[in-house]
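Participant: Mind looking over this structure? Questions follow.
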Amino acid sequence: MTFISLQEVSYTYNGRKEAAVKNVSLSIAEREKISLTGLNGSGKSTLAKLILGLLKPQTGKIVLDGLPLGKYSLAKIGEKVGYVVQNPSQMLFNTSVFNEIAFGLKWKGKGKDEIFHFCKKYLEFFELWHLRDELPFNLSEGQKQLVVICAVLALQPRFLILDEPTKSIDTFRKKRLIDILQEIWHLGTGVMVISHDMEFLTAFDGRRIHMEKGEVVEDAGRYQN
Amino acid sequence: MQVDIRTKLLIVAIFSALALVYQNPLILGIILLLNLLTVILFRVPLQIFREFKGFIYMYAVLMVIQSFFVRDGEPLLQLGNIYLLTTDGVLYGISIMLRFFILACSGIILLNCNTSELILALVKLRIPYEIVFMIQVGIRFIPVFMGELQNIFHGIQLRGVDLRRVYKRKVLKVYVSIFSPVIYSVLQKAEKLSILLELRGFRKSPARTYYRDISLSRIDYVVMTLSLIVTVALIYAVRNL
Ligand SMILES: Nc1ncnc2c1ncn2[C@@H]1O[C@H](COP(=O)(O)OP(=O)(O)OP(=O)(O)O)[C@@H](O)[C@H]1O
Ligand SMILES: [Mg+2]
């Protein structure tokens, strides 16, 4: 079943002449694996923000899980689609690494034990458990990135979008990331990665979508169910 | 109309001063009209005024508060012995609103100026460069600060927290949790900026050069003289109101 569909979507930033995303039509199934590639400035991050409702397309239509995107609040979109931004330090706002991951779980009304379990599970998986009481702002770039990834993974969304997830993380943790993405995909979560990291993309092995100057110029287009 | 930034500064200064001196809604109304005229003459984009809609309620509340506590003027709306709305309260609310709009228009004129030119104008007005620089960084950081706040709001909502629902019950909790990290990260940015400046040779030599140049042309002298004349005339005309 189609989970996310874009029909002729275009978006131009305020004051820009060229559209950042131009007439993009895409259909993404639930439980699909997608690799989105393209040169710097080709509109990948903009496309992600459109799908998440952070930007509103000037023309075209986006449908998420059967309903037009405009019908959802950001929070409802966030429940369905997890998003790891390209610059993860933008999304850190808690006073400790533990709280950063617990934040969404608390608001979901999860119990203490469950919150502890999830935080521990993901932080240990990336070998960051020892940092749990640190201030997220004071972590290294790669650590910040991993904390945001953990925070989003812990919420167990139905679809996950990661923008340049491997940008500053080491080879060891990159391998871990691939493992966990494959694992959640096997368990039924859709995953889209935006990346320039060919090694990572090869290991990830998703449906390849390539963008150039705001347009989708190549789409392997296979549903993998 | 293409005028020098110093002309704009003068006009903005006059309008702001007048707005603070006068209280009479009629006079403030005239000043606002003149101010709007300059806004249009300077070709400042007007979409920004749409953002002001939200403030209207605030003035209504101000009117009621003023009427309730000051009790001057004729009561318009009364509940037993309690004044809910008085003529003075309404006038007070209106003048505050007009003042706000005058200051907002002035701010918009300044915001639409090129920042480098603004800085250069201040330098040419012999304001110490250190102070000018602080103003420059201040201006530069407003969008950073707003962007930071917005990112965090988005971050919170995308993690499944519906701020519109939460607002009423736990508003304080959410805001406190947002406020400290924003301050922290902005301070961190400021610290990085100061180090970067040193590294790039800020204040290394006393004579710095400027890439842009600004100059006063005939139109500037005309506009400045005109605005001074209009100001004096206005002050003279309304002195008995
Ligand atoms: N906030 C913004 N305001 C104006 N223009 C923007 C903004 N963000 C991006 N753009 C422009 O939109 C275009 C697409 O940007 P986008 O960030 O989507 O590229 P990208 O494919 O993610 O690139 P990268 O690989 O560098 O992350 C670029 O030309 C960029 O300059
Ligand atoms: Mg990008």
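Participant: Looking only at segment B:106-156, which residues are within 14 Å of another protein chain (Cβ to nearest Cβ) and assigned to a loop (DSSP other than H, G, I, E, B)?
Facilitator: Filtering segment B:106-156 for residues within 14 Å of another protein chain (Cβ to nearest Cβ) gives B:112, B:143-156.
Hit for segment B:106-156 is B:Asn112, nothing else.
Participant: Name the residue that is nearest to A:Phe200 (Cα to Cα), counting only residues in segment A:30-52 that are open to solvent by 10 Å² or more (accessible area, probe 1.4 Å) and within 14 Å of another protein chain (Cβ to nearest Cβ).
Facilitator: Going through the qualifying residues, I end up with A:Ser45.
Participant: Just for segment A:186-211: of the residues that are open to solvent by 40 Å² or more (accessible area, probe 1.4 Å) and in a helix (DSSP H, G or I), which one is farthest from ligand 2 (Cβ to nearest atom)? Write out each step before concluding.
Facilitator: Initial filter on segment A:186-211 (open to solvent by 40 Å² or more (accessible area, probe 1.4 Å)): A:186-187, A:196, A:198-199, A:202-203, A:205, A:208.
Filter again for in a helix (DSSP H, G or I), leaving A:186, A:198-199, A:202-203.
Details: A:His186: 27, A:Met198: 17, A:Glu199: 19, A:Thr202: 20, A:Ala203: 21 Å.
For segment A:186-211, the residue satisfying everything is A:His186.
Participant: I need every pair where a residue in segment B:62-85 that is in the same structural domain as B:Phe100 (by TED's automatic domain parsing) has its Cβ under 9 Å from the Cβ of a residue that is assigned to a helix (DSSP H, G or I) and charged (D, E, K, R), sequence separation at least 6 or different chains.
Facilitator: Taking only residues 6 or more apart or on different chains, the pairs are B:Gln66/B:Asp88; B:Ser67/B:Asp88; B:Val70/B:Asp88; B:Arg71/B:Asp88; B:Asp72/B:Asp88; B:Gly73/B:Asp88; B:Glu74/B:Asp88.
Participant: Okay, next question. If I ask for residues that are more than 14 Å from chain B (Cβ to nearest Cβ), farther than 19 Å from A:Val217 by Cβ and away from ligand 2 (no atom under 16 Å from the Cβ), which ones from segment A:13-29 would you list?
Facilitator: Passing the criteria: A:Lys17, A:Ala29.
Participant: Still on this model: For segment A:38-46, does any single residue satisfy the condition of being under 30 Å from A:Arg132 (Cα atoms), part of a loop (DSSP other than H, G, I, E, B), free of Cβ contacts under 8 Å to residues at least 12 places away in the same chain and of a type outside the set (Asp, Glu)?
Facilitator: First, the residues of segment A:38-46 that are under 30 Å from A:Arg132 (Cα atoms): A:45.
Now narrow it down to the ones that are part of a loop (DSSP other than H, G, I, E, B): none.
Among the residues of segment A:38-46, not one is under 30 Å from A:Arg132 (Cα atoms), part of a loop (DSSP other than H, G, I, E, B), free of Cβ contacts under 8 Å to residues at least 12 places away in the same chain and of a type outside the set (Asp, Glu), which makes the answer no.
Participant: For segment A:79-95, name all the residues that are facing another protein chain (nearest Cβ under 9 Å) and in a loop (DSSP other than H, G, I, E, B). Reasoning before the result, please.
Facilitator: Start the filter on segment A:79-95 by keeping residues that are facing another protein chain (nearest Cβ under 9 Å), which leaves A:79, A:81-83, A:85, A:87, A:89-95.
Once the filter is applied, which keeps residues that are facing another protein chain (nearest Cβ under 9 Å) and in a loop (DSSP other than H, G, I, E, B), segment A:79-95 yields A:Val85, A:Asn87, A:Leu92, A:Phe93, A:Asn94, A:Thr95.
Participant: Looking at (1) under 30 Å from A:Ile149 (Cβ atoms); (2) more than 10 Å from chain A (Cβ to nearest Cβ); (3) of a type in the set (Val, Ile, Thr), find the lone condition where B:Ile178 falls short.
Facilitator: The single condition B:Ile178 does not satisfy is (2).
Participant: Does A:Lys110 satisfy the criteria of being surrounded by fewer than 23 Cβ atoms within 10 Å (Cβ to Cβ) and away from ligand 2 (no atom under 16 Å from the Cβ)? Talk me through it step by step, then tell me what you get.
Facilitator: Working: surrounded by fewer than 23 Cβ atoms within 10 Å (Cβ to Cβ): yes; away from ligand 2 (no atom under 16 Å from the Cβ): yes.
So A:Lys110 passes the test.
Participant: Out of all the residues in segment A:6-29, which are surrounded by fewer than 17 Cβ atoms within 10 Å (Cβ to Cβ) and either within 21 Å of A:Ile77 (Cα to Cα) or away from ligand 1 (no atom under 16 Å from the Cβ) (or both)?
Facilitator: Going through segment A:6-29, the residues surrounded by fewer than 17 Cβ atoms within 10 Å (Cβ to Cβ) turn out to be A:7-8, A:13-18, A:23, A:25, A:27.
Residues satisfying the conditions are A:Gln7, A:Glu8, A:Ser25, A:Ser27.
Participant: Looking only at segment A:152-185, how many residues end up being outside any helix (DSSP H, G or I), open to solvent by less than 10 Å² (accessible area, probe 1.4 Å) and aliphatic (A, V, I, L, M)?
Facilitator: The qualifying residues number 3.
Participant: Quick one: would you say A:Ile101 is more than 16 Å from ligand 2 (Cβ to nearest atom) and either under 19 Å from the mean Cα position of the chain (by Cα) or away from every other protein chain (no Cβ under 11 Å) (or both)?
Facilitator: Yes.
Participant: Take A:Glu100 and decide whether it is open to solvent by less than 10 Å² (accessible area, probe 1.4 Å), out of contact with any Asp or Glu (no Cβ under 6 Å at 6 or more places or on another chain), closer than 30 Å to B:Phe179 by Cβ and away from ligand 1 (no atom under 12 Å from the Cβ).
Facilitator: It is true that A:Glu100 is open to solvent by less than 10 Å² (accessible area, probe 1.4 Å), out of contact with any Asp or Glu (no Cβ under 6 Å at 6 or more places or on another chain), closer than 30 Å to B:Phe179 by Cβ and away from ligand 1 (no atom under 12 Å from the Cβ).
Participant: Here's something else I'd like to know. Spot the failing condition for B:Leu111; the list is (1) within 15 Å of B:Thr7 (Cα to Cα); (2) touching a helix residue (DSSP H, G or I) at 6+ places or on another chain (Cβ under 6 Å), and only one is missed.
Facilitator: The one condition B:Leu111 does not meet is (2).
Participant: Restricting the search to segment B:149-161, which residues are open to solvent by less than 30 Å² (accessible area, probe 1.4 Å) and either out of contact with any Gly (no Cβ under 8 Å at 6 or more places or on another chain) or of a type outside the set (D, E, K, R) (or both)?
Facilitator: From segment B:149-161, those open to solvent by less than 30 Å² (accessible area, probe 1.4 Å) are B:152, B:155-156, B:158-161; that's our starting set.
Matches in segment B:149-161: B:Ile152, B:Gly155, B:Ile156, B:Leu158, B:Gly160, B:Val161.
Participant: Which residue out of A:Val152, A:Val148 is in contact with a helix residue (DSSP H, G or I) (Cβ under 9 Å, 6 or more places away or on another chain), within 14 Å of chain B (Cβ to nearest Cβ) and within 16 Å of ligand 2 (Cβ to nearest atom)? Write out each step before concluding.
Facilitator: Working: A:Val152 fails: within 16 Å of ligand 2 (Cβ to nearest atom).
Being in contact with a helix residue (DSSP H, G or I) (Cβ under 9 Å, 6 or more places away or on another chain), within 14 Å of chain B (Cβ to nearest Cβ) and within 16 Å of ligand 2 (Cβ to nearest atom) holds for just one of A:Val152, A:Val148, which is A:Val148.
Participant: In segment A:104-134, how many are free of Cβ contacts under 8 Å to residues at least 12 places away in the same chain, within 13 Å of chain B (Cβ to nearest Cβ) and in a helix (DSSP H, G or I)?
Facilitator: 2
Participant: Another question, then. What are the residues in segment A:53-68 that are of a type in the set (A, V, I, L, M, F, W, C) and either within 11 Å of chain B (Cβ to nearest Cβ) or surrounded by fewer than 18 Cβ atoms within 10 Å (Cβ to Cβ) (or both), if any? Write out each step before concluding.
Facilitator: The initial filter retains those residues of segment A:53-68 that are of a type in the set (A, V, I, L, M, F, W, C), namely A:54-55, A:62-64, A:67.
Within segment A:53-68, A:Leu54, A:Leu55, A:Val63, A:Leu67 qualify.
Participant: Going through segment A:69-78 one residue at a time, which ones are more than 9 Å from chain B (Cβ to nearest Cβ) and assigned to a helix (DSSP H, G or I)?
Facilitator: If we filter segment A:69-78 for residues that are more than 9 Å from chain B (Cβ to nearest Cβ), which is where we start, we get A:69-72.
Correct list: A:Leu69, A:Gly70, A:Lys71.
Participant: B:Gln66 - would you say it is of a type in the set (S, T, N, Q) and under 30 Å from B:Asp220 (Cα atoms)?
Facilitator: Details: of a type in the set (S, T, N, Q): yes; under 30 Å from B:Asp220 (Cα atoms): no.
For B:Gln66, the condition - of a type in the set (S, T, N, Q) and under 30 Å from B:Asp220 (Cα atoms) - is not met.
The values are calculated or read from the model by the stated rules, or taken from the named source; none is laboratory data. From a predicted model like this one, the values you see are computed outputs, not experimental measurements. In this analysis, Cβ positions are derived from the backbone assuming ideal geometry, glycine residues included, and neighbour counts consider all displayed protein chains. Surface accessibility is based on the protein's heavy atoms, side chains included, excluding ligands, DNA and RNA. Shrake-Rupley method; radii C 1.70, N 1.55, O 1.52, S 1.80 Å.
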